[in-house]
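Notes to accompany the following structure.
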Amino acid sequence: MPRPTRNRKILHPPQMAGFKPFGMPLCDLKAVKLQFDEYETINLVNYRDLPQEVAAEKMGISRPAFTRVYNRALKKIAKAFVECLAIEIEGGSVEFEKQWYKCNKCFKLIEGLENHTKCKGCTSYGDIELVSLNVIR
């Protein structure tokens, strides 16, 4: 029986729910599911240029576990790119380091409810409905 998966720390959630190939309607596309932890490995290693040892420490997992998640993410992204598939970012065994919310009107990420006074760039003047990203879909 395999060991239970340890929750991986996510420092900053993605601003989007996924990607799709340019010029193709989403309804005609199949999708690859990229988990939050897989997204975070790409963010830390490829975008923030951290070595895998440091990135693994930030996520609270071992370096070999980090490498497995990272390689799984690269394989999914390559498959989506080559086979012209959409990428949906959701789920996984993760815990967010802070409370994150997303505005349903302008889709901005907000760190904690106390930081939300009025969405900049949001044209709505009424109450803004916030969706917690800390609840794994």
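Would you pick out the residues in the stretch 12-49 that are closer than 16 Å to E95 by Cβ and either of a type in the set (D, E) or outside the structural domain of C84 (by TED's automatic domain parsing) (or both)?
Answer for the stretch 12-49, where residues must be closer than 16 Å to E95 by Cβ and either of a type in the set (D, E) or outside the structural domain of C84 (by TED's automatic domain parsing) (or both): D37, E38, E40.
Considering only the stretch 64-84, I want to know if a residue exists there that is under 18 Å from the mean Cα position of the chain (by Cα) and not in a helix (DSSP H, G or I).
no
Does E88 fit the bill of being farther than 21 Å from E111 by Cβ, at pLDDT 95 or above and of a type in the set (D, E)?
Answer is no for this residue.
Among the residues of the stretch 3-11, is any of a type in the set (A, V, I, L, M, F, W, C), outside the structural domain of E111 (by TED's automatic domain parsing), part of a strand (DSSP E or B) and under 22 Å from L109 (Cβ atoms)?
yes
If I filter the stretch 33-54 down to residues being surrounded by 21 or more Cβ atoms within 10 Å (Cβ to Cβ) and not hydroxyl-bearing (S, T, Y), which single residue comes out as farthest from the chain's Cα centre (by Cα)?
Going residue by residue through the stretch 33-54, those that are surrounded by 21 or more Cβ atoms within 10 Å (Cβ to Cβ) are 34-41, 44.
Imposing the further condition that a residue be not hydroxyl-bearing (S, T, Y) reduces the set to 34-38, 40, 44.
Values: L34: 8, Q35: 7, F36: 4, D37: 7, E38: 8, E40: 6, L44: 12 Å.
Restricting to residues being surrounded by 21 or more Cβ atoms within 10 Å (Cβ to Cβ) and not hydroxyl-bearing (S, T, Y), the top hit is L44.
In the set E57, E40, E90, E83, which member is in contact with a Lys or Arg (Cβ under 6 Å, 6 or more places away or on another chain) and not basic (K, R)? Walk me through it before giving the result.
Values: E57 fails: in contact with a Lys or Arg (Cβ under 6 Å, 6 or more places away or on another chain); E40 fails: in contact with a Lys or Arg (Cβ under 6 Å, 6 or more places away or on another chain); E83 fails: in contact with a Lys or Arg (Cβ under 6 Å, 6 or more places away or on another chain).
None of the others qualify; the one that does is E90.
The values are calculated or read from the model by the stated rules, or taken from the named source; none is laboratory data. All figures in this text were calculated on a predicted structure; none of them were measured in a lab. Positions of Cβ are generated from backbone atoms using ideal geometry, with glycine treated the same way; all protein chains shown enter the neighbour counts.
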